[in-house]
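Report on the following structure.
The values are calculated or read from the model by the stated rules, or taken from the named source; none is laboratory data. Predicted model, so just to flag it, every value in this text is computed and none were measured. Here the Cβ positions follow ideal geometry from the backbone for every residue, glycine too, while neighbour counts run over all protein chains shown.
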């Protein structure tokens, strides 16, 4: 099995970033590009839904919350709409210097390298939108 780890430093508090991942309207605002017209449903409880959908792109992530320990750890059983296979996503938030937050995404269980590589690109762009949402990396504000 293949896995990936992506990280980003966000110029926002751990509590703020936690809400970005666990409140439906906030997740929809940044997770995918605006042209995707994303909608999200987050039920922040064990076995709750964690879903992001795009009608224009005809795609959706239909995840289930396995565990959550606010405001630091979120584990998901991840699947794409219409696919039977599932993978695991663990999102960890750590306090960093300058009141920033380090986001660490570990995604496991890919059947092959190509699928893993597609998700590396996806998570990288996703986390960049989260960085942009909060004004860029810490220390780079004018």
* **Matching residues, the range 42-55, being in contact with a helix residue (DSSP H, G or I) (Cβ under 7 Å, 6 or more places away or on another chain) and touching a residue at least 24 places away in the same chain (Cβ under 8 Å)** => 44, 52
* What is the one condition in (1) free of Cβ contacts under 8 Å to residues at least 60 places away in the same chain; (2) surrounded by fewer than 16 Cβ atoms within 10 Å (Cβ to Cβ); (3) touching a helix residue (DSSP H, G or I) at 6+ places or on another chain (Cβ under 8 Å); (4) over 25 Å from residue 2 (Cβ atoms) that residue 58 does not satisfy? -> (3)
* **Subset of the range 20-39 that is farther than 21 Å from residue 106 by Cβ and in contact with a helix residue (DSSP H, G or I) (Cβ under 6 Å, 6 or more places away or on another chain) - its residue that is surrounded by the fewest Cβ atoms within 10 Å (Cβ to Cβ)** => 39
* Structure fact -> Within the range 91-112, residues farther than 13 Å from residue 72 by Cα and either crowded, with 16+ Cβ neighbours inside 10 Å or at pLDDT 95 or above (or both) come out as 100, 106, 107, 108, 109, 110
